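Below is one structure, written out as structure tokens, with a few remarks after it.
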Amino acid sequence: MKIRSKSISAAFVLLLLVSVPALTAQDLVILHTNDTHSQIEEIRVGRGAGAGGVHRRAEYFHQVISQYGRDRVLLLDAGDYNQGTPYFTVFKGDLEMELMNALGYEVVAIGNHEFDNGVNEFARRLSKAEFQTVCANYDFSGTALEPYVKPYTIVYKNGRKIGVFGLLANIKSLVAKQNREGLVYIDAYEAAQRWADYLKNEEHCDLVIALSHLGYSGYPNQRTDINLARNTRNIDVIIGGHSHTFLKSEKIYPNLDGEDVIIVQAGAQGEYVGRLDITFD
């Protein structure tokens, strides 16, 4: 399978000033976010001041869906949608859940900050989710999260079968012990290869996406997006988070078979929405 793609990160400054191109032959438009960190309003201070805001993201989602149709647009988030503003402190993540449901997210990965109030509290919030939460490299058996988190999901778009599995960094040094009780880590490469092979070879998915909260960098011996691409097979696209990396356009790395793997990531705090347009040959 060949994929022709482009990645556009849409910034929202003051007013929504996004120019959506005329409808073309894209089979699939993926809109993705990561590390929004409870940034409900526009960013008020720092480099991104004046950008972001859930209201602007909602408007952009609406524009793209209106142009291409819901059957051609896939909405994804790569985790850490909790923690970072008083909205999380006061409302304990309920507001973020309501807004993500309203925005129409379909598949969401888990970030380390989703555990800041513990496993049971995270499970309580996920019981209200209208999207699928995926994480393939942890065993949630026997925990309150078991009913709500699956290794992968399959989404059907425009006659295509899209397999999405999730990955989360090793949270041993990121999350307090009492807040990750009962979770069993599985090596990210091992889990990724297992489910990528399954989705590609057994489910015969047209596209396999790793929705990753590992981080982008290529440091040797670290489980990151770049190294994931280089050390696995059957992953077509990695949509990343955790490192808050803003990739203005997609990066491409060869996998173990020398085939291209596309990697994208859209910064942090909702300042950008990543967009990946895909045409299947």
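Every number in this text was worked out from the coordinates using simple rules, so none of it is lab data. Since this is a predicted model, take the numbers as computed values, not measurements. Cβ sites come from the backbone with ideal geometry, for glycine too, and all protein chains shown count toward neighbours.
Given the choices [x] 119; [y] 149; [z] 226, volume of the Cα convex hull per residue in Å³ derived from the coordinates of this structure is entry [x].
What is the range 78-181 by shape, rounded, prolate or oblate, if you read a ≥ b ≥ c off the alpha carbon gyration tensor as root eigenvalues and call it rounded for a/c under 1.5, prolate for a/b larger than b/c, and oblate otherwise?
Oblate.
Among VAL108, VAL155, VAL64, the largest mean-square fluctuation in a Gaussian network model of the chain, built with springs joining Cα atoms closer than 10 Å, belongs to VAL155. Would you calculate a helix-derived [θ] at 222 nm for the chain, using -39,500 (n - 2.57) for each DSSP H run of n ≥ 4 and dividing by the full residue count, to the nearest 500? Value at 222 nm, helices only: -5500 deg cm²/dmol. Positive end of the dipole of the chain (Cβ unit charges, origin at the Cα centre): among TYR219, ASN234, THR143, the Cα lying farthest that way belongs to TYR219.
Take every DSSP beta bridge whose two residues both sit in the chain, then give the antiparallel share in percent to the nearest 5.
55 percent
This model, with +1 at the C-beta of Lys and Arg and -1 at the C-beta of Asp and Glu, gives the chain a dipole about its Cα centre of some 360 debye.
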